[in-house]
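Read-outs: derived from the displayed coordinates by stated rules, not from any lab. Here the structure is a predicted model, which means the values were calculated and not measured. Here the Cβ positions follow ideal geometry from the backbone for every residue, glycine too, while neighbour counts run over all protein chains shown.
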Amino acid sequence: MNTLFNEGSNLAGAVDRAFIFIFTIAILFTVAITALMIYILIHFSRKRNKHPQQFSGNTKLEIIWTVIPLIIVLAMFYFGWVGFAPMRQVPADAMQVKVIGRMWRWEFDYGNGKISNELVVPYQRNVKLNLVSVDVNHSLFIPAFRVKEDVIPGYNNFLWFRPVMKGTFDIYCTEYCGLAHSGMLAKAIVLDSLDFKKWLADLKVTGNLPDHPGLAIIKANACLTCHSLDGSKIIGPSFKGLYGRKSTVVTDAGEKEIETTDDYIKRSITDPNAEIVKGFNKGLMQSYKDKISAEDLDKIVDYFKTAVEKK
Ligand SMILES: [Cu+2]
């Protein structure tokens, strides 16, 4: 950790080394070229050299001015590469935060509907930021951590770092994204692991909760084209209040009153035409026997038990 340069992440040192190396060479060349120019101006002035001379070709000189710059630029590449390569190799244990760029603010999504306007991260813990944009191109830049990546709609970009300094650091958008681009600012706050846990626990749920896994399966299988969640009758009976209700079903042996249990629900999905809910038509719902695994059936049942029941 180098406090002079405010190296806030594990990646900062290598970036600074590449910068200092290139900057030093630039200074050396500026000084050397300026000095040489001044020397030539004086030494080869008209006063001292009345009769100009012609030169042509000098193999030794040409080799020198080709090989030396080649070595210098390859060294620059080396320092750049050793700084860049680890930036694209995310450690497997990294904590994931989704960063949403929108005109004109940053949102940091910690999952389960917990969204913050500040990026709060635990000290000395690997953090991966998954970068998404909901409108135009943005670019997330945290100077103290020496990380910067474009945030492009339709493209899943990322960056990662490990904060090695506690404190509050600036976050910028560095891709001109419209009117209030310059105000698209946020803070990165590095806290002790315990303080971070407390902060996350206290963070209010403001975003949409992800779908219950069972509902996700129901949606993926387009069950909602025939079944509603709000009690209205479409082609099939509504899922509202399904679990634990009594229904009259028609079987080959006649009508009977049944209670919707786990088994009944599973049977309704794998063998829908064995028992037909009274008032609905046979043959409309196809069997999902081979399409939905036993595991997914359990998730669907769990969804009916928990989520739908409460509505
Ligand atoms: Cu922006």
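In 20 Å bins starting at 0, how do the alpha-carbon pair distances of the chain split up by percent? P(r) for the chain, in whole percents per bin: 22, 31, 27, 12, 6, 2, 0. If the chain linking Q89 and R102 were pulled fully straight, counting 0.36 nm for each residue of separation and taking away their Cα-Cα distance, it would gain 2.0 nm. The Kirkwood radius of segment 205-284, taken over pairs of alpha-carbon atoms, gives through the Stokes-Einstein law at 20 °C and 1.002 mPa s a diffusion coefficient of 155 µm² s⁻¹. Couplings 3J(HN,Hα) for segment 184-191, derived from phi with the Karplus relation 6.51 cos²θ - 1.76 cosθ + 1.60 (θ = phi - 60°), are 7, 10, 7, 10, 9, 10, 9, 10 Hz, where x marks Gly and Pro. Taking 18 Å as the straight-line reach from the Cα of K148, the lysines in range (excluding those fewer than 8 positions away in the same chain) are K98, K128, K187. Compared with the dominant Cα axis of the chain, that is its longest principal axis, helix 193-202 is turned about 50°.
In terms of overall dimensions, the C-alpha atoms belonging to segment 95-202 reach 38, 29, 21 Å along their principal axes, ordered largest to smallest.
Taking only the C-alpha atoms of segment 12-88, Rg followed by Dmax gives 18.8, 62 Å. Relative to the dominant Cα principal axis of the chain, helix 59-84 is inclined by about 30°. The chymotrypsin sites (Phe, Trp or Tyr not before Pro) of segment 29-85 that meet both conditions, a loop assignment by DSSP and at most 13 other Cβ atoms within 10 Å of the site Cβ, are F44, F55. Between S182 and L74, how high is the FRET efficiency from 1/(1 + (r/R0)^6) when r is the Cβ-Cβ distance and R₀ = 45 Å? Nearest 0.05. It comes out at approximately 0.75. Residue-wise HN-Hα couplings along segment 286-297, as the Karplus relation 6.51 cos²θ - 1.76 cosθ + 1.60 with θ = phi - 60° gives them from phi, are 8, 6, 9, 3, 8, 9, 10, 6, 4, 4, 5, 4 Hz; Gly and Pro carry x.
Against the chain, whose longest principal axis is taken from its Cα atoms, helix 12-43 shows a tilt of about 20°.
Near K278, the amide H atoms lying under 5 Å from its own belong to T248, V249, V250; only residues 5 or more places off or on other chains count, and H is placed 1.01 Å from N.
If R₀ is 22 angstrom, what is the calculated FRET efficiency for the pair I42 and T66, using the beta carbon separation as r and rounding to 0.05? That pair, I42 with T66, gives E of 0.20. Distances between placed amide hydrogens fall under 5 Å for V120 paired with I189, all partners being 5 or more residues away or on another chain.
A simple spin-label model places pseudo-atoms 7 Å from Cα toward Cβ; at D262 and D150 they are separated by 5.1 nm. Amide H contacts of L11: R162, each under 5 Å away and 5 or more positions distant or on a separate chain (H built 1.01 Å from N in the peptide plane; Pro and chain starts excluded).
The simple Förster model, with R0 at 25 Å and r as the Cβ-Cβ distance, assigns F5 and N130 a FRET efficiency of 0.35.
Phi angles of segment 142-151 translate, via the Karplus equation with coefficients 6.51, -1.76, 1.60 and θ = phi - 60°, into HN-Hα couplings of 10, x, 5, 9, 6, 10, 7, 9, 6, 10 Hz per residue; Gly and Pro are given as x.
Using a Gaussian network model of the chain in which every pair of alpha carbons under 10 angstrom is joined by a spring, one finds that among I171, I292, I42 the greatest mean-square fluctuation is at I42.
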